[in-house]
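The values are calculated or read from the model by the stated rules, or taken from the named source; none is laboratory data. All values derive from a computational prediction rather than experimental measurement. Reconstructed Cβ throughout: ideal geometry from the backbone, glycine too, with neighbour counts over all protein chains shown.
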Amino acid sequence: MPSARQPRVSLDILVEAGAWPAKRRLRLLVQTAVKATLAEVAAQGEVSELSVLFSDDAHIQQLNKDWRGKDKPTNVLSFPAFPVAVGAPLQPMLGDIVLASETVNREAELEGKPLEHHLTHLVVHGVLHLLGHDHEEESEAEDMEAIERRVLARLAIPDPYA
C-alpha cells in the first residue's frame, strides 16, 4: 500500500520590521519547520497556504492586545484561518503566524540558543496551533511540547525544554 503523500503548503513570507536573517534564509527555515511538523503529526490534505509575518514587538503587542486582551509583546502569535480540530485534514488556508524580532532575539540570547533554533521552535509551535493544538490545560501543554520535541529532534535541534 503506498504511503500517504504529505500535503503541500504554499508560503507567503513577509519581513515587515525587526532584525531578522535574510528573507531567503527565513523561507528555508519556515519550509523546513512546516514540513517536519506536518510529517510528525501525519497531516492529511492536498494543498494549503500559510502566511508568516516577521515583525517587531510594537506590532505584536498591538495584535496581542486586540486579539487576546494582553497588552504586552510576545514571541509568536497564530491566527487560524478556520476552526480546526486536531487530526482534521488541512484546510485550504492554515492561517497566519506573526513573530516579534526583539522578543525572539532576546529569548534566544538569554537561553543561549542559536537564533535559528529558537525561531524554528517558534514556527513549529505556531503551526501546531494552526493545526488545532493548544496548551491551556496541563495535559494539552504536555502533549504539544512532546510533539515540538519530536519535530525538533527530526531537525537535529536540541530539546528546548531541557
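Quick check on the range 127-134. Is at least one of its residues over 15 Å from residue 26 (Cβ atoms), touching a Gly at 6+ places or on another chain (Cβ under 7 Å), small (Gly, Ala, Ser) and free of Cβ contacts under 8 Å to residues at least 60 places away in the same chain?
no
Given the options 62, 44, name the one that is at pLDDT 95 or above and either polar (S, T, N, Q) or more than 28 Å from residue 87 (Cα to Cα) (or both). Write out each step before concluding.
Details: 44 fails: at pLDDT 95 or above.
Result: 62 is the single residue among 62, 44 that is at pLDDT 95 or above and either polar (S, T, N, Q) or more than 28 Å from residue 87 (Cα to Cα) (or both).
In the range 84-142, which residues are surrounded by fewer than 20 Cβ atoms within 10 Å (Cβ to Cβ), at positive phi and in contact with a Leu (Cβ under 9 Å, 6 or more places away or on another chain)?
87
Here's a check for you: in the range 1-45, which residue that is hydroxyl-bearing (Ser, Thr, Tyr) and part of a helix (DSSP H, G or I) is surrounded by the fewest Cβ atoms within 10 Å (Cβ to Cβ)?
Of the residues in the range 1-45, the ones hydroxyl-bearing (Ser, Thr, Tyr) are 3, 10, 32, 37.
From the residues that got through so far, the ones that are part of a helix (DSSP H, G or I) too are 32, 37.
Numbers: 32: 16, 37: 28.
Within the range 1-45, the match that is surrounded by the fewest Cβ atoms within 10 Å (Cβ to Cβ) is 32.
Residue 123 - would you say it is more than 15 Å from residue 37 (Cα to Cα), in a helix (DSSP H, G or I) and out of contact with any Ser or Thr (no Cβ under 7 Å at 6 or more places or on another chain)?
Working: more than 15 Å from residue 37 (Cα to Cα): no; in a helix (DSSP H, G or I): yes; out of contact with any Ser or Thr (no Cβ under 7 Å at 6 or more places or on another chain): yes.
So residue 123 fails the test.
For the range 70-86, indicate whether the set of residues that are assigned to a helix (DSSP H, G or I) and at pLDDT 95 or above is non-empty.
Restricting attention to the range 70-86, the residues satisfying the condition of being assigned to a helix (DSSP H, G or I) are none.
Within the range 70-86, none of the residues are assigned to a helix (DSSP H, G or I) and at pLDDT 95 or above.
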